[in-house]
């Protein structure tokens, strides 16, 4: 690798006093040492800030910021990105986990694939009871030419877990997560795929925990809960603009990135595959299919 480039790890936090020490310790002990850890506390009302400050005093790699008000999760994600200086960047949540060599292997992959903007691998998503809900395999097939990889993303919609890929910072710094819409991470991934390939590897393993309401009997998320959580998480009111702005933005961006017949086909995908895309706009409705993820009760 080229002189071990700096990797920035952005950790937005809020009321996570029970878990934050574990995730900070994990990154400090990673096999890859040239890192900076940027933590932004979204005005927690527990002991999160004091725990982070103690780590900051002990380790110069840690930079801690305390926000004066809670401005929502998306702005907090953008904040840690804005403070980063590394050649590579990754978002990290306080209760997620990665392999010990995740950063080392990720840097190696992107150093060897200069046309790639990100890399990802196995992603296992658990509920808060540590039940495995979704397993995304590395076979994303998003490493082809721009038109093919965007088609695949729009058609199969792998999900917002790709936001937690290992990223080239000089690419993503130009388009932070949009704070105006629900599910801005999908627009973020769309823009990312317009910029370059996403490489998949079995050497990368990511374990994510989500607090969501899942009905295992019929493989659906309970209606109504998703929008309510979106309103709270993003500090947005539920209306046509906030609910559909993400998809409308992609419709506007498509002509800037593709040729005429490609544009027509991509619009076709957005309109006629909306049943698969709708879970990120109106509700979570993840049903078993043949597109590379499966549910616990399908094992």
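So here's what we get for this one:
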{"read-out": "Subset of region 131-181 that is in a loop (DSSP other than H, G, I, E, B) and modelled with pLDDT under 80 - its residue that is farthest from the chain's Cα centre (by Cα)", "value": "139"}
{"read-out": "The listed residue being in the same structural domain as residue 130 (by TED's automatic domain parsing), out of contact with any helix residue (DSSP H, G or I) (no Cβ under 6 Å at 6 or more places or on another chain) and on the phi < 0 side of the Ramachandran plot, out of 208, 155", "value": "208"}
{"read-out": "Scope region 30-59; condition in contact (Cβ under 8 Å) with a residue 24 or more places away in the chain, out of contact with any helix residue (DSSP H, G or I) (no Cβ under 8 Å at 6 or more places or on another chain) and not in a loop (DSSP other than H, G, I, E, B); matching residues", "value": "36"}
{"read-out": "Test set (1) surrounded by fewer than 16 Cβ atoms within 10 Å (Cβ to Cβ); (2) not in a loop (DSSP other than H, G, I, E, B) - residue 80 fails condition number", "value": "(1)"}
{"read-out": "Check on residue 63, more than 19 Å from residue 209 (Cβ to Cβ) and without any contact (Cβ under 8 Å) to a residue 12 or more places away in the chain", "value": "no"}
{"read-out": "Among (1) surrounded by fewer than 19 Cβ atoms within 10 Å (Cβ to Cβ); (2) in contact with a strand residue (DSSP E or B) (Cβ under 8 Å, 6 or more places away or on another chain); (3) modelled with pLDDT of 80 or more, the one test that residue 215 misses", "value": "(3)"}
{"read-out": "Region 182-210: number of residues that are assigned to a loop (DSSP other than H, G, I, E, B) and more than 17 Å from residue 74 (Cα to Cα)", "value": "1"}
{"read-out": "The listed residue being part of a loop (DSSP other than H, G, I, E, B) and farther than 27 Å from residue 202 by Cβ, out of 93, 16", "value": "16"}
{"read-out": "Identity of the residue in region 90-117, within 15 Å of residue 9 (Cβ to Cβ) and in contact with a helix residue (DSSP H, G or I) (Cβ under 6 Å, 6 or more places away or on another chain), that ends up modelled with the lowest pLDDT", "value": "94"}
{"read-out": "Residue, farthest from residue 30 (Cα to Cα), within region 60-76, restricted to residues that are touching a helix residue (DSSP H, G or I) at 6+ places or on another chain (Cβ under 6 Å) and not in a strand (DSSP E or B)", "value": "72"}
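For (1) over 19 Å from the mean Cα position of the chain (by Cα); (2) surrounded by fewer than 17 Cβ atoms within 10 Å (Cβ to Cβ); (3) over 21 Å from residue 18 (Cβ atoms), each residue gets a yes or a no:
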site: 64; (1), (2), (3): yes, no, no
site: 69; (1), (2), (3): yes, yes, yes
site: 89; (1), (2), (3): no, no, yes
site: 93; (1), (2), (3): no, no, no
site: 106; (1), (2), (3): no, no, yes
site: 116; (1), (2), (3): no, no, yes
site: 120; (1), (2), (3): no, no, yes
site: 129; (1), (2), (3): yes, yes, no
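The values are calculated or read from the model by the stated rules, or taken from the named source; none is laboratory data. Just so it is clear, the model here is predicted, and its values are computed rather than measured. Every residue, glycine among them, receives a Cβ derived from its backbone with ideal geometry; neighbour counts consider all protein chains shown.
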